[in-house]
Amino acid sequence: MSENKLQSDTIQNRRVTWEGCSVLLNINDGDRLVFARLSAGSTLKIGNKTCSLQPLIGCPFGSLFQVESGKERPYLSRFIPPTEENNVQDGGCQLQEESRDNRAIIDNNQAQCLTGEDIDAMRRQGATGNEIVEALIANSSTFEKKTQFSQEKYRFKKQKKYAPRVLLRRPFSRSICEAYFKKYPARIGFLRVDALSLLLSMANVTANLDVLVVDMVGGLLTGAVAERLGGTGSVCNTYLGGTPYPMEIIRMFNFSNEIGKRTLRCSLNDLCSAQNGTGEQVDQHEDVCTMESQSNAPKEAIQLWKENGFSSLIIAAPEQDAWSLVKDLLPLLSYSAPFAIYHQYLQPLATCMHNLQLQKMVIGLQISEPWLREYQVLPSRTHPCMQMSGSGGYILSGTRTYTSQS
């Protein structure tokens with residue numbers, strides 16, 4: 001009885017992992033980002049070591065683990081960093097009194113006395129990764145001559161090799177977007193995290209709204225909207241033709257059943273079929289609607305959307321023409337509803353903006369280009385990162401207005 005209650009509380013607590021949940025594993029401070037689903041049989045390969053992910057079940061997000069060498073196989077052990085080291089105030093004083101430099105150090109691969117055979121012998125005797133790192137530091141003839149900065153870099157480099165660490169992160173909009181932008185940017189249409197946040201802000205995505213989404217970035221946009229709605233309102237992912245666009249990313253959000261019920265799919269043909277004055281729009285898509293619709297939106301919800309209109313519209317479809325989508329989707333919005341369109345390039349949005357101005361369908365049109373610069377923040381070493389993204393795409397936003405034609 002108590003075990004079932006504990007398991008139920010664990011599942012309800014979204015700050016603690018449970019069996020079957022998706023997690024984002026940050027290996028060695030961003031060297032690798034891996035999505036995984038926790039189970040008793042799931043494993044993670046770090047270098048030439050394969051570790052079970054079972055110790056991660058039941059741990060709070062943000063926990064740090066370290067790879068240890070066991071008798072049978074490597075395993076992940078909970079690691080709590082010391083709190084006394086890297087004191088900022090003491091470090092500041094040491095930086096001012098730093099008089100050493102690395103000019104006299106020659107990199108000839110002769111400073112280390114330990115050999116590979118010695119390290120293998122330590123592993124066979126059961127030495128931990130931290131003990132091997134300390135042994136390497138003790139047997140280095142140039143470590144004491146290095147500056148404090150160089151010593152930290154040397155220690156961190158050896159720690160990543162002999163004692164890798166894994167940070168357990170919760171998958172949410174920002175972490176998922178950053179991970180995909182770093183690993184597979186083309187899968188999310190090169191949508192950067194600042195552009196995603198600006199999209200949600202321009203579309204005024206808040207609680208209790210009905211948001212219409214055209215998501216061709218793997219489900220990232222749909223998941224971000226559903227996350228911000230927080231189980232209120234609804235998000236409708238519409239698509240052209242009879243086959244919905246892939247949404248594999250949305251499974252990583254660990255949404256509850258309540259949020260999942262409010263995340264719906266409905267084809268554009270179904271939304272436009274009974275809309276007044278959209279007969280021409282439906283005819284334009286008859287040739288692509290040959291397959292049976294895979295909509296899961298209830299008829300009551302579709303009827304409500306047709307009567308009241310959607311509260312906002314967000315489009316992220318790099319493979320589609322922006323103007324062709326907007327002219328069909330704008331009539332589905334309620335009056336004074338905002339919309340936002342993302343594209344990696346400027347010209348498709350500029351063409352769409354020009355056509356909207358000619359049709360006088362919207363007001364407040366503007367094209368925004370988000371700009372982001374990442375900084376390294378360390379004592380006496382704060383500066384912009386050397387490598388960063390050059391462009392985050394462009395966003396066209398505006399507000400639908402009432403016209404005599406509508």
Rounded, prolate or oblate (a/c below 1.5 giving rounded, otherwise prolate when a/b exceeds b/c) for the range 190-249 by Cα gyration tensor: oblate
Taking a probe of 1.4 angstrom, what is the accessible area of PHE156 in Å², to the nearest 10? 90 Å²
If the elastic network links every pair of Cα atoms under 10 Å, which of THR238, THR115, THR17 fluctuates the most in the Gaussian network model of the chain? THR115
Helix axis angle, 129-138 relative to the chain longest principal axis, alpha carbon, degrees: 50 degrees
What nm distance separates the two modelled labels at VAL34 and GLN148, each placed 7 Å from Cα along Cα→Cβ? 3.5 nm
In degrees, nearest 10, the alpha-carbon axis of helix 88-97 is tilted away from the dominant principal axis of the alpha carbons of the chain by 60 degrees
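Counting pairs of alpha carbon atoms under 8 Å apart in space and at least six apart in sequence, what relative contact order in percent does the range 302-406 give? Write out the running numbers ahead of the final one.
Working: 156 pairs, mean separation 33.8, N = 105.
So the answer I get is 32 percent.
Determine the sum of side-chain charges near CYS59: Lys and Arg each +1, Asp and Glu each -1, restricted to other residues whose C-beta is under 13 angstrom from that of CYS59. Can you show the working numbers first?
Numbers: positive: ARG15, ARG78, ARG169, ARG170; negative: GLU19.
So the surrounding residues net to +3.
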Run lengths n ≥ 4 of DSSP H only: what is the helix-derived mean residue ellipticity at 222 nm for the chain, with -39500 (n - 2.57) per run over all residues, to the nearest 500? -9500 deg cm²/dmol
Would you indicate which of [x] 62, 56, 41; [y] 73, 46, 41; [z] 83, 58, 38 is the value of Cα extents along the principal axes in Å derived from the coordinates of this structure? [z]
Dividing the mean separation of Cα pairs under 8 Å (6+ apart) by the residue count of the chain yields a relative contact order in percent of 13 percent
Please calculate how many Å² of accessible area the chain carries per residue, with a 1.4 Å probe and no DNA, RNA or ligand atoms counted. 56 Å²
Any chance you could look up the accessible area of MET216 with a 1.4 Å probe, heavy atoms only, rounded to 10 Å²? 40 Å²
Run through the DSSP bridge list for the chain and note the antiparallel percent, rounded to the nearest 5. 65 percent
Go ahead and set up a Gaussian network model of the chain, Cα springs under 10 Å, then flag whichever of GLU307, GLU117, GLU248 fluctuates most. GLU117
Just going by the charge dipole of the chain, with Lys and Arg at +1 and Asp and Glu at -1 on Cβ, which of PRO370, ILE106, LEU333 is farthest out on the positive end? ILE106
What does the net charge come to around ILE259 if you take all other residues with beta carbon closer than 13 Å to its beta carbon, with K and R at +1 and D and E at -1? +3
Given the protein chains as shown and a 1.4 Å probe, how many square angstrom of LYS158 are accessible, to the nearest 10? 50 Å²
For the range 13-53, what Kirkwood radius comes out of the mean inverse Cα-Cα distance, in Å? 11.1 Å
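Which entries in LYS153/LYS183; LYS183/LYS327; LYS158/LYS183; LYS261/LYS327; LYS261/LYS299 show an alpha-carbon gap greater than 23 Å? Write out the running numbers ahead of the final one.
Numbers: LYS153/LYS183 25 Å; LYS183/LYS327 34 Å; LYS158/LYS183 25 Å; LYS261/LYS327 29 Å; LYS261/LYS299 14 Å.
Pairs exceeding the cut-off: LYS153/LYS183; LYS183/LYS327; LYS158/LYS183; LYS261/LYS327.
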Starting from the Cα of HIS354, step 7 Å along the direction of its Cβ; do the same at ALA104; then give the gap between the two resulting points in nm. 6.9 nm
Expressed as an acute angle from 0 to 90° and rounded to the nearest 10, what is the orientation of the C-alpha long axis of helix 193-202 relative to the principal long axis of the chain? 30 degrees
Determine the gain in length on full extension of the stretch SER324-ASN204; use 0.36 nm per residue of separation and subtract their C-alpha separation, reporting nm with one decimal. 40.9 nm
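If you roll a 1.4 Å probe over the chain with all protein chains in place, what percent of the accessible area is carbon or sulfur? Provide the component values of the computation, followed by the final result.
Values: 10950 of 22590 Å².
Answer for the chain: carbon and sulfur cover 48 percent of the accessible area.
The values are calculated or read from the model by the stated rules, or taken from the named source; none is laboratory data. On a predicted model such as this, the values are computed, not experimentally measured, just so you know. Methodologically, a virtual Cβ is constructed for each residue, glycine included, from the backbone with ideal geometry; neighbour enumeration extends over all protein chains shown. The accessibility values were calculated without ligands, DNA or RNA, using every heavy atom of the protein model including side chains. Shrake-Rupley method; radii C 1.70, N 1.55, O 1.52, S 1.80 Å.
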